[in-house]
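Working notes for the structure below.
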Amino acid sequence: MSETDDQGPQEPPQPLPLDTWHRDRGARMVPFAGYSMPIQYEGIIAEHNWTRSHAGLFDVSHMGQLAFSGETPDVDVAGALEALLPGNIKGIKPYRQKYSLLLDEEGGVLDDLMISHRGEEHGGDFYMVVNGATKWDDIAHLREHLPDDVVMNFMEDHALLALQGPEAGVALARLVPETAGLFFMECGPFRWEGHDIWVSRSGYTGEDGFEISLDAEIAEAFADALAALPEVKPIGLGARDSLRLEAGLPLYGHDLDTRVTPVGAGLTFAIPKRRREEGGFMGAARVLKELQMGAPARWVGFRIDGKAPAREGAHVFSGDLQIGTLTSGGFAPTLGAPIAAGWIATNFAEPGTAVEIEVRGRRLPATVSAMPFVPHNYHRRGAAK
């Protein structure tokens, strides 16, 4: 989801399937991950607050959607994916979704992603959503390392929409009533107006919500139907970033890259017990060593005194010692205060540790904070009502 830093000639940004739809609604468009994307409509803070209280509609069609199946029914697709991902892919039940990571040979993070088991209706295959700015590298990596009898289909004719917020469930059920039965990280095939769609109850804001994969040809009609509901407004990239930072969710290319492992990033929940014991995934040697010995640096949150925000690249100090660098930062509308996240030396990573962050030659007092900054509001199965 990050933009590349290449200095050579850049291809002009590609339009999303809903490009005209966004422009007709007054969106300010910016280049992002190779696409022209809406950064805001009426304003980032207003859109952020609407999503936290109602339901926001995000166009995330720049993301890469991939489907994996076997050339024959006896091909072990899950086992092949487990050679590359540290998750329990074999244990994903039909119509369930897991967060996982694509690692390089040294255990560095190539990308973070979502992977779903699509059930027998799709031949028992797997569906993966990867980040937009890394999808071509991801596809090349997967093609290089997966066995020839595993078929990977890039679903370039599909759009991806995200409906996020506490009223998302009510809103989507107006159009597709059966989606009300989904809980967090559950997914499945549904029908809308005679068309097949794939819906997962998940997202990137910390709120309840859904991601909807559908044929690009019907994306505008579906977006129209959602935006006509009283709970729903279109929301741009600006609010998506402030929402995910409040929720303590990392952004690939900023908070995660090949220099770091899932251990320091606090993503060890994505490496279950069996994979820790068996290994057998790319980069396992470094990752398993850090699980045992600890990582030298950790990704942590910061609460900053005062009202001045600190941005990516700002240095973090303890006295005269530089101990880390911010990878994300900005104003948190829900909290009415600046927050940030970054990598610092592990011995300074305990929540409550006082630090200073250098902004334009001035040191701002700050405190290491646990994340998320704003509690998650997922619709979990079995949660207390």
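The values are calculated or read from the model by the stated rules, or taken from the named source; none is laboratory data. This structure is a prediction, so every number in the text was calculated from the model and none was measured. All Cβ positions, even for glycine, are placed from backbone atoms using ideal geometry, and neighbour counts span all protein chains on display.
The criterion of at least 2 residues that are more than 17 Å from the chain's Cα centre (by Cα) and not assigned by TED's automatic domain parsing to the domain that holds A227 is met by the following strands (runs of 3 or more DSSP E) wholly inside region 25-100: 64-70. Against the condition of a type outside the set (S, T, Y), assigned to a loop (DSSP other than H, G, I, E, B), modelled with pLDDT of 95 or more and surrounded by fewer than 17 Cβ atoms within 10 Å (Cβ to Cβ), how does G280 come out, does it pass? Considered against the rule, which asks whether it is of a type outside the set (S, T, Y), assigned to a loop (DSSP other than H, G, I, E, B), modelled with pLDDT of 95 or more and surrounded by fewer than 17 Cβ atoms within 10 Å (Cβ to Cβ), G280 comes out as yes. Residues that are modelled with pLDDT of 95 or more, farther than 24 Å from E105 by Cα and among the acidic types (D, E) do occur in region 287-305, at least one of them. Any residue in region 113-120 that is outside any loop (DSSP other than H, G, I, E, B) and at pLDDT below 95? Yes, region 113-120 contains at least one residue that is outside any loop (DSSP other than H, G, I, E, B) and at pLDDT below 95.
Could you go through region 328-349 and let me know if any residue there is modelled with pLDDT under 95 and either among the basic types (K, R) or within 19 Å of L256 (Cβ to Cβ) (or both). No, because not a single residue in region 328-349 is modelled with pLDDT under 95 and either among the basic types (K, R) or within 19 Å of L256 (Cβ to Cβ) (or both).
Scanning region 43-59 for residues that are crowded, with 23+ Cβ neighbours inside 10 Å and either over 22 Å from E207 (Cα atoms) or β-branched (V, I, T) (or both) yields a single hit, T51.
Just one of the numbered conditions (1) within 24 Å of F269 (Cβ to Cβ); (2) modelled with pLDDT under 95 is not true of G107: (2). Residues that are within 13 Å of the chain's Cα centre (by Cα) and of a type in the set (A, V, I, L, M, F, W, C) within region 236-268 comprise L237, L243, L245, A247, L249, L251, L256, L267, listed in sequence order.
Residues in region 70-93 that are over 23 Å from T268 (Cα atoms) and surrounded by fewer than 19 Cβ atoms within 10 Å (Cβ to Cβ): G70, E71, T72, P73, D74, V75, D76.
The residue that is modelled with the highest pLDDT, counting only those in region 1-24 that are assigned to a loop (DSSP other than H, G, I, E, B) and charged (D, E, K, R), is E11.
Among the residues of region 341-385, just one is crowded, with 18+ Cβ neighbours inside 10 Å and without any contact (Cβ under 8 Å) to a residue 40 or more places away in the chain, namely F348. Would you point out the residue of region 233-259, among those that are out of contact with any Phe, Trp or Tyr (no Cβ under 7 Å at 6 or more places or on another chain) and in a loop (DSSP other than H, G, I, E, B), that is surrounded by the fewest Cβ atoms within 10 Å (Cβ to Cβ)? Only one residue fits best here, namely R259.
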